[in-house]
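**Q** Dropping the structure in here first, questions after.
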């Protein structure tokens, strides 16, 4: 903990408050559930033909189709009709999925033209409510042959996004995206198959927009992708419990949290979804200064839990944030299929001010063992003395027991 310093405090009481307690109110679920139309992308629900022969799933709007790719129901594409059972149809559930195939897929002289496809759907939501989307995508660079001849550095970007403002421009900076660049096999030719993509956001209007994007920026034969099993629900929520707004330097505090599950996620047939909580922390070297990078304090925390954190030097500001995630145990444990994940958005930062020495003396500092960073004793003049680590600018806090 560094070199111990001694500061005479004068005629002060023996015990002092070391934190400014706060009764943190529990977070609340959005009052309005949400769901996408035709999220399972099933041909019985319907695909609408546009003027260019592309089948767009009912309920979704095609915002972009650069490169003129083939867009179709996978069952129509590989079986010839929705009611046909023949052919191999890639899917995560049900009978169908959406397939996007590069123009001139295997046709020389330049097979597999680049493409960029974006679909979206606007969904009614409750403003300020937390929502989460989860879905599955599969990309095949170089076709489905194994071993794959997809060149190093060539990829197909798969992405799902939420626009909390309800906008329809896929270029908007308001969209919260999650993406995956993995091919269906690794470079060692190990099949990884479908990828789950999930992201959460807090609604800023009465409409939230779900975006689906498949972007193949390179020309390579056989490039195509599938989309399936898109679900949007109210997200689980988490909140801090009595996390202080001000604390004396060098103090060890307890960071507590609580959470609860989304009713729609809990009601998924066959589901075994539990709530996990993540907590992150970052430090501003001086209050009002630029923040550092977020660092994990807790990963996969329980529904209710706590951990210990020792704050750093005087005059700093420490920020905490957390999120709740609804997940099932991985296979072979029992649960609903497909194995969706529903993360909530990160909370707004909770700022904790680390008092300056002068402010700490004014507020008072309590007796503590040295590893807590604070101790009161009497100096040679018989006056109370404050012992605390001499904290440099590189001392930004530490944690244990998480």
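**Q** Please tell me if residue 148 is touching a strand residue (DSSP E or B) at 6+ places or on another chain (Cβ under 6 Å), in a loop (DSSP other than H, G, I, E, B) and at pLDDT below 95.
**A** yes
Quick grid of which residues meet (1) buried (at least 19 other Cβ atoms within 10 Å of the Cβ); (2) in contact with a helix residue (DSSP H, G or I) (Cβ under 9 Å, 6 or more places away or on another chain):
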| site | (1), (2) |
| --- | --- |
| 98 | yes, yes |
| 114 | no, no |
| 119 | yes, no |
| 136 | yes, no |
| 142 | yes, no |
| 152 | no, no |
| 160 | yes, no |
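**Q** Residue check, residue 51 against (1) modelled with pLDDT of 90 or more; (2) loosely packed, with under 13 Cβ neighbours inside 10 Å, all met but one. Which one?
**A** Going through the list (1) modelled with pLDDT of 90 or more; (2) loosely packed, with under 13 Cβ neighbours inside 10 Å, residue 51 breaks only (1).
To keep it simple, each residue is scored yes or no on (1) under 30 Å from residue 262 (Cα atoms); (2) in contact with a strand residue (DSSP E or B) (Cβ under 6 Å, 6 or more places away or on another chain); (3) in a loop (DSSP other than H, G, I, E, B).
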position	(1), (2), (3)
44	yes, no, yes
48	no, yes, no
53	no, no, yes
56	no, yes, no
76	no, no, no
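**Q** Return yes when residue 349 is out of contact with any helix residue (DSSP H, G or I) (no Cβ under 9 Å at 6 or more places or on another chain) and within 30 Å of residue 91 (Cα to Cα) and no when it is not.
**A** Here the answer is no, as residue 349 does not meet what is asked.
**Q** Output the residue which, of all residues in region 244-263 that are over 24 Å from the mean Cα position of the chain (by Cα) and assigned to a loop (DSSP other than H, G, I, E, B), is surrounded by the fewest Cβ atoms within 10 Å (Cβ to Cβ).
**A** Only one residue tops the list, namely 245.
**Q** Separate question: Being surrounded by fewer than 24 Cβ atoms within 10 Å (Cβ to Cβ), over 27 Å from residue 181 (Cα atoms) and in contact with a strand residue (DSSP E or B) (Cβ under 8 Å, 6 or more places away or on another chain) is the filter here; which residues of region 199-243 pass it?
**A** The answer is 206, 207, 239, 240, 241, 242, 243.
**Q** Determine, yes or no, whether residue 84 is in a loop (DSSP other than H, G, I, E, B) and touching a strand residue (DSSP E or B) at 6+ places or on another chain (Cβ under 6 Å).
**A** Judged against the criteria, residue 84 is not a match.
**Q** Check region 175-183 and report whether any residue there is part of a loop (DSSP other than H, G, I, E, B) and farther than 16 Å from residue 217 by Cβ.
**A** Yes, the conditions are met somewhere in region 175-183.
**Q** When the residues of region 264-293 are narrowed to those that are in a loop (DSSP other than H, G, I, E, B) and closer than 26 Å to residue 316 by Cα, which ends up modelled with the lowest pLDDT?
**A** Once the filter is applied, the top-ranked residue is 287.
**Q** While we're looking at this one, here's another question. Only one of these is surrounded by fewer than 17 Cβ atoms within 10 Å (Cβ to Cβ) and free of Cβ contacts under 8 Å to residues at least 12 places away in the same chain: 109, 124. Name it.
**A** Answer to the check: 109.
The values are calculated or read from the model by the stated rules, or taken from the named source; none is laboratory data. Quantities reported herein were computed from a predicted structural model and do not represent experimental measurements. Note that each Cβ is placed from the backbone with ideal geometry, even for glycine, and that neighbours are counted across all protein chains shown.
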